[in-house]
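One structure is given below, encoded as structure tokens.
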Amino acid sequence: MNIEQLNLNITEIENKLKLTFKNKSLLALSFIHRSYVNEHKKIINEHNERLEFLGDTTLNMIVSEYLYLILQKAQEGKLSHIRSTLVNAPSCAKYYKLLNLDQFVLLGKGEEKTEERGKDTIFSDAFEALIGAIFLDFGFEKTKNFILDNFKDIFYQMIENPEIDYKGKLQEYSQKKYKLTPEYKVIKEEGPEHLKIFHIVVIINNEEVASAQGPSKKDAELQAAEIAYNKLNLKA
């Protein structure tokens with residue numbers, strides 16, 4: 001896939017989304033990853049990260065309102081945890097794949113070879129960029145309708161069967177047993193700036209309990225917390 005092919009596929013993408021953009025270039029921009037721009041600076045100079053920033057905020061607002069309205073007895077802490085589950089990187093990557101849009105993302109040669117977990121981070125960012133593009137072209141209400149029409153059933157399933165909050169459970173354990181908060185420490189970073197892998201250890205009471213790696217610090221911390229949770233045989 002290249003920029004010319006992407007532009008030729010815009011109508012197909014709009015059909016998948018069931019949306020017709022006034023600004024087609026805005027939709028196309030949501031598919032352009034920084035790594036592609038780095039390798040094609042002579043023909044393109046803008047990537048999707050600004051749209052991602054806008055889409056992240058918009059998605060959080062829409063999901064926050066949705067949860068506030070349907071979970072009227074839930075306290076702030078529970079609402080925050082559920083929202084985090086609905087808008088985290090794995091969830092956003094899943095939404096993007098359900099729209100069958102991952103095939104259109106423009107990546108540099110290095111990212112094309114990235115393992116699936118790393119690509120999920122890319123697809124998550126692209127999903128947020130798409131939401132940003134929809135917001136700019138159609139406004140807030142239309143964006144909200146798009147998200148709820150496509151993903152409300154998935155939201156409901158995830159609310160009914162919530163994921164374990166591994167970091168939260170680990171913190172409860174550590175504070176109860178040692179009166180200390182777990183420490184997540186980056187021990188190594190490798191790879192180019194746009195394709196970094198972070199190696200993280202989780203430390204409790206000055207003891208290294210688990211380690212993990214991921215394409216972002218947050219992703220690596222979540223994996224390390226899950227490994228530590230299972231290693232310590234903690235119950236949900």
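The values are calculated or read from the model by the stated rules, or taken from the named source; none is laboratory data. Treat the numbers as computed from the prediction; the structure is a model and nothing was measured. Note that each Cβ is placed from the backbone with ideal geometry, even for glycine, and that neighbours are counted across all protein chains shown.
Pairs needed: first member in the stretch 185-209, on the phi > 0 side of the Ramachandran plot; second member anywhere, in a strand (DSSP E or B) and surrounded by 13 or more Cβ atoms within 10 Å (Cβ to Cβ); C-beta distance under 8 Å; at least 6 residues apart or different chains.
GLY191/ILE197
So, in the stretch 7-24, of the ones that are hydrophobic (A, V, I, L, M, F, W, C) and part of a loop (DSSP other than H, G, I, E, B), which residue ends up farthest from TYR96 (Cα to Cα)?
Quick first cut of the stretch 7-24, residues hydrophobic (A, V, I, L, M, F, W, C) only: 8, 10, 13, 17, 19, 21.
Narrowing further to those that are part of a loop (DSSP other than H, G, I, E, B): 19, 21.
Working: LEU19: 15, PHE21: 18 Å.
Taking the candidates together, the pick is PHE21.
Can you pull out the residues in the stretch 184-199 that are touching a helix residue (DSSP H, G or I) at 6+ places or on another chain (Cβ under 6 Å) and either modelled with pLDDT of 95 or more or in the same structural domain as HIS33 (by TED's automatic domain parsing) (or both)?
Start the filter on the stretch 184-199 by keeping residues that are touching a helix residue (DSSP H, G or I) at 6+ places or on another chain (Cβ under 6 Å), which leaves 184, 194-195, 198.
Within the stretch 184-199, just TYR184 meets the criteria.
Within the stretch 168-183, which residues are in contact with a helix residue (DSSP H, G or I) (Cβ under 8 Å, 6 or more places away or on another chain), within 12 Å of ILE204 (Cα to Cα) and either in contact (Cβ under 8 Å) with a residue 40 or more places away in the chain or not β-branched (Val, Ile, Thr) (or both)? Quick ask: steps written out before the conclusion?
Within the stretch 168-183, the subset in contact with a helix residue (DSSP H, G or I) (Cβ under 8 Å, 6 or more places away or on another chain) is 168-170, 180-182.
Next, from what is left, pick out any that are within 12 Å of ILE204 (Cα to Cα): 170, 180-182.
Those that are in contact with a helix residue (DSSP H, G or I) (Cβ under 8 Å, 6 or more places away or on another chain), within 12 Å of ILE204 (Cα to Cα) and either in contact (Cβ under 8 Å) with a residue 40 or more places away in the chain or not β-branched (Val, Ile, Thr) (or both): LEU170, LEU180, PRO182.
Taking only the stretch 43-52 into account, find how many residues are touching a residue at least 40 places away in the same chain (Cβ under 8 Å), in contact with a helix residue (DSSP H, G or I) (Cβ under 7 Å, 6 or more places away or on another chain) and farther than 11 Å from PHE135 by Cβ. Step through it out loud before you land on a result.
So in the stretch 43-52, the residues touching a residue at least 40 places away in the same chain (Cβ under 8 Å) come out as 43-44, 48-52.
Still in the running and in contact with a helix residue (DSSP H, G or I) (Cβ under 7 Å, 6 or more places away or on another chain): 43-44, 48-49, 51-52.
Filter once more, keeping what is farther than 11 Å from PHE135 by Cβ: 43-44, 48-49, 52.
Adding up the residues that qualify gives 5.
Among the listed residues PHE123, PHE146, which satisfies the condition of being assigned to a helix (DSSP H, G or I), over 15 Å from the mean Cα position of the chain (by Cα) and surrounded by 16 or more Cβ atoms within 10 Å (Cβ to Cβ)?
Numbers: PHE123 fails: over 15 Å from the mean Cα position of the chain (by Cα).
Exactly one of PHE123, PHE146 is assigned to a helix (DSSP H, G or I), over 15 Å from the mean Cα position of the chain (by Cα) and surrounded by 16 or more Cβ atoms within 10 Å (Cβ to Cβ), namely PHE146.
Looking at (1) crowded, with 19+ Cβ neighbours inside 10 Å; (2) out of contact with any Leu (no Cβ under 6 Å at 6 or more places or on another chain), find the lone condition where ALA225 falls short.
In the conditions (1) crowded, with 19+ Cβ neighbours inside 10 Å; (2) out of contact with any Leu (no Cβ under 6 Å at 6 or more places or on another chain), ALA225 misses (2) alone.
Conditions tested, residue by residue: (1) in contact with a strand residue (DSSP E or B) (Cβ under 7 Å, 6 or more places away or on another chain); (2) surrounded by fewer than 13 Cβ atoms within 10 Å (Cβ to Cβ); (3) of a type in the set (D, E, K, R).
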{"residue": "ASP165", "(1), (2), (3)": "no, no, yes"}
{"residue": "TYR173", "(1), (2), (3)": "no, no, no"}
{"residue": "GLU183", "(1), (2), (3)": "yes, no, yes"}
{"residue": "LYS188", "(1), (2), (3)": "yes, yes, yes"}
{"residue": "HIS199", "(1), (2), (3)": "yes, no, no"}
{"residue": "ASN205", "(1), (2), (3)": "no, yes, no"}
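Give the stretch 16-25 a look and list any residue that's exposed (fewer than 11 other Cβ atoms within 10 Å of the Cβ) and more than 23 Å from the chain's Cα centre (by Cα), or say none. Step through it out loud before you land on a result.
Let us first name the residues in the stretch 16-25 that are exposed (fewer than 11 other Cβ atoms within 10 Å of the Cβ), namely 18, 22.
LYS22, the sole residue that qualifies.
Within the stretch 29-71, restricting attention to residues that are hydrophobic (A, V, I, L, M, F, W, C) and under 19 Å from GLY110 (Cβ atoms), which residue is surrounded by the fewest Cβ atoms within 10 Å (Cβ to Cβ)?
ILE43
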